[in-house]
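Worksheet: the structure to be examined is printed underneath.
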Amino acid sequence: MHPAVRLLDRVRWTVSVPIAALVVLVLGWGRHPEGVALAVVGLFLIGAIVAAVHHAEVVAHRVGEPFGSLLLAVAVTVIEVGLIVTLMVSGGDETSVLARDTVFAAVMITVNGIAGLALLVGALKHHLAVFNSEGAGAALATVVTLATVCLVLPTFTTSAEGPEFSSDQLAFAAVASLALYVLFVFTQTVRHRDFFLPVAADGTLLDADGDGHADPPTARAAAQSLLLMLASLLAVVGLAKVSSGAIEDAVDSAGLPQAVVGVAIALLVLAPESIAAVRNAAREKVQISLNLAYGSAMASIGLTIPTIAVASNWLDGPLDLGLGPTQIVLLAVSAVVATLTVVPGRAKPLHGGLHLALLATFIYLSISP
């Protein structure tokens with residue numbers, strides 16, 4: 001084999017793209033790219049998203065499900081939380097609703113967007129999208145409880161002015177959120193792991209780690225993919241932040257609300273999970289797709305709120321967590337529709353369409369409140 005070919009084989013795109021994306025992130029951090037520079041940022045952002053999905057699947061093949069989907073959801077959320085805290089520390093009073101808007105956008109995108117798209121793809125390709133209703137139901141119940149405690153109740157409490165918790169209430173919500181998240185992870189990975197594995201139409205468990213023939217990657221290959229996945233996710237969130245200035249300019253020039261910026265960035269940050277969910281749904285592993293969707297929503301609340309609670313000691317200004325009336329209605333309808341979808345353990349294309357309609361409604365009302 002020619003030496004150049006051997007070099008290209010060693011330096012695969014799955015290795016070179018995350019590294020190159022991090023280099024672009026370092027060069028572009030703190031700047032306002034325009035024109036060609038913005039196009040380069042967008043190109044490497046897309047490449048980092050695809051690379052993140054590839055490496056997440058390699059790690060999932062090694063560790064098995066539901067650990068693989070849990071790892072991707074937590075990794076994305078941890079980096080996203082770091083971005084939120086950084087923006088809040090440097091943004092001043094105008095960022096008082098940033099955590100709320102970002103978390104709520106993540107919940108709507110995951111519960112309605114990722115889950116809805118996965119259900120639609122799975123049902124169209126395999127006639128029905130089949131999953132374990134006990135596992136999906138437990139995950140959905142946890143998401144609804146976390147969202148109610150952390151995002152709905154602050155609107156109605158009276159200890160502090162405005163839609164925010166008092167310091168004691170915020171501490172309670174943080175501890176409760178973290179406890180619920182840890183309890184769910186224990187349930188998913190230890191106590192009732194079988195409820196979160198993909199199932200066939202007859203209810204039997206499918207091979208969650210591959211096609212039943214391919215050997216899992218070596219420990220060394222999995223460790224390399226884990227590092228490259230984290231590098232890719234860091235590049236995704238960082239490049240989304242770098243391009244946020246251009247998004248803000250476009251929003252301002254169009255006369256749209258600033259909440260649209262948070263929705264746009266959330267869509268970019270959650271792109272790796274969206275792609276992974278759709279690919280698993282196409283392989284008749286809808287349960288893994290729902291693990292990703294609901295797990296990401298849970299992690300977004302269960303990790304963000306405790307982190308914000310700690311960071312609030314150094315933040316100036318109010319921390320508005322309570323949703324407005326329109327957002328509460330959308331959350332309530334999403335919870336009801338998701339419950340009716342999950343209970344039978346199988347879904348038709350209509351169910352996916354209902355969730356996507358709710359996501360479209362959320363995005364439209366963010367643009368035109």
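General remarks:
- Test set (1) assigned to a helix (DSSP H, G or I); (2) at pLDDT below 80; (3) surrounded by 19 or more Cβ atoms within 10 Å (Cβ to Cβ); (4) of a type outside the set (A, V, I, L, M) - residue 82 fails condition number: (3)
- Looking only at segment 165-179, and only at residues there that are more than 24 Å from the chain's Cα centre (by Cα) and crowded, with 16+ Cβ neighbours inside 10 Å, the one that is farthest from residue 333 (Cα to Cα): 169
- Sole exception among (1) farther than 20 Å from residue 342 by Cα; (2) free of Cβ contacts under 8 Å to residues at least 12 places away in the same chain for residue 311, by number: (2)
- Residue within segment 132-148 that is under 19 Å from residue 293 (Cβ atoms), modelled with pLDDT under 95 and touching a Lys or Arg at 6+ places or on another chain (Cβ under 8 Å) present: no
- Options 186, 131: the member that is loosely packed, with under 15 Cβ neighbours inside 10 Å and of a type in the set (A, V, I, L, M, F, W, C): 186
- Within segment 1-58, the only residue that satisfies the criterion of being part of a loop (DSSP other than H, G, I, E, B), more than 27 Å from residue 280 (Cα to Cα) and either basic (Lys, Arg) or modelled with pLDDT of 85 or more (or both) is 31.
- As a summary of the residue check, residue 69 satisfies the conditions (1) at pLDDT 70 or above; (2) within 20 Å of the chain's Cα centre (by Cα) except for the one numbered (1).
- Residue list for segment 330-352, filter: surrounded by 13 or more Cβ atoms within 10 Å (Cβ to Cβ) and either over 30 Å from residue 124 (Cβ atoms) or β-branched (Val, Ile, Thr) (or both): 333, 337, 339, 341, 342
- Scanning segment 305-329 for residues that are exposed (fewer than 13 other Cβ atoms within 10 Å of the Cβ) and either under 21 Å from the mean Cα position of the chain (by Cα) or among the charged types (D, E, K, R) (or both) yields a count of 1.
- Output for segment 185-200, where each listed residue is assigned to a helix (DSSP H, G or I) and either at pLDDT below 85 or closer than 23 Å to residue 347 by Cβ (or both): 187, 188, 189, 190, 191, 193, 194, 195, 196
- Within the option set 273, 284, 248, being among the acidic types (Asp, Glu) and modelled with pLDDT under 75 holds for one residue only, 248.
- Selection within segment 168-190 - among the polar types (S, T, N, Q) and in contact (Cβ under 8 Å) with a residue 40 or more places away in the chain: 177, 187, 188, 189
- Total residues in segment 338-355, condition of a type outside the set (D, E, K, R) and not in a helix (DSSP H, G or I): 4
For every residue, the table says whether it meets (1) assigned to a helix (DSSP H, G or I); (2) at pLDDT 90 or above; (3) not charged (D, E, K, R).
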site: 154; (1), (2), (3): yes, yes, yes
site: 163; (1), (2), (3): no, no, yes
site: 203; (1), (2), (3): no, no, yes
site: 207; (1), (2), (3): no, no, no
site: 212; (1), (2), (3): no, no, yes
site: 217; (1), (2), (3): no, no, yes
site: 223; (1), (2), (3): yes, no, yes
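The values are calculated or read from the model by the stated rules, or taken from the named source; none is laboratory data. None of these values were measured; they are calculated from a predicted model. FYI the Cβ positions are ideal-geometry reconstructions off the backbone, even for glycines, and counts take in every protein chain you see.
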